[in-house]
Amino acid sequence: MNNSFNTRIWKEAIVGSRRLSNYIWGITTLIGGASFVLAGLSSYFNIELLPLTTTAHLSFIPQGITMMFYGIIASLLSIFLWTTIIFDVGSGYNQFDKLAGLVTVFRFGFPGKNRKIILRYNIQNIVAVQIKIKNGLNPKREIYLKTKDQRKIPITRVGQPLYLFKVEQQAAELAKFLNVLLEKI
């Protein structure tokens, strides 16, 4: 996250779908899906559509049709990944403005009526900055804003978890900036 702040305004840029891992998965699923579809078609037409392979000798039912099914599913997944990358779904910013007394959470979604997601909260309604840390196979390191009515507003990006010290440092700086408590949940 890129932070820019002065004594009155703190703005954090949030990275969305345009991450290296999404590009790698998009390319991998596209190549894999197209290869499986071509392998299935090779078995149907009994000709080699893929270089350096011997898939024409496969029987179309059940191997060829199964490969085509998995290839179509992978291709659809690849289209979805590339759509999220093109529209940079999930990107945006968090802005904490002491002068206006507002917290603004802005994110881009998919095209349409709700492409821009803008949430605004009064700074006086924020009572704490909370950190949620879960280690293990699926680690989570998230920062939330806790409001007076006990709502928890997530403000960290989705994707790979940040380093523990960075999450703690960012949460501590934000709590100090907003002059609220720092809690661990």
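Every read-out reported here was derived from the displayed coordinates using simple, explicitly stated rules and does not represent laboratory data. No experiment lies behind these values; they were computed from the predicted model shown. Here Cβ is always computed from backbone atoms with ideal geometry, including for glycine, and neighbour counts include all displayed protein chains.
Here are the numbers for the structure shown:
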item	result
Relative contact order (%) - criterion: Cα under 8 Å, at least six apart; region: the range 70-177	16
Charge dipole (the chain, unit charges on Cβ, about Cα centre) - positive-most of L41, S21, G71	S21
Test item: Cα-centred dipole of the chain, Lys/Arg +1 and Asp/Glu -1 on Cβ, debye	940
Radius 9 Å from Cβ of I9, net charge of other residues (Lys, Arg +1; Asp, Glu -1)	+2
Global form of the range 22-86, assessed from the alpha-carbon gyration tensor, a/c cut-off 1.5	prolate
Backbone HN-Hα couplings from phi across the range 58-63 [Karplus 6.51/-1.76/1.60, Hz, Gly and Pro as x]	5, 7, 5, 10, x, 5
For Rg and Dmax of the Cα atoms in Å, calculated from these coordinates, the label among (i) 23.3, 72; (ii) 20.3, 63; (iii) 15.8, 47	(i)
Relative contact order of the chain, pairs being alpha-carbon contacts under 8 Å that are 6 or more residues apart, as %	18
Whether the range 91-179 is rounded, prolate or oblate, judged on the alpha carbon gyration tensor where a/c under 1.5 counts as rounded	oblate
Loop-located chymotrypsin sites (Phe, Trp or Tyr not before Pro) in the range 68-176 whose Cβ has at most 12 other Cβ within 10 Å (DSSP)	Y163
Global form of the range 105-154, assessed from the alpha-carbon gyration tensor, a/c cut-off 1.5	oblate
Kyte-Doolittle mean at least 0.5 and Cα axial length at least 24 Å: DSSP H helices in the chain	20-45, 65-86
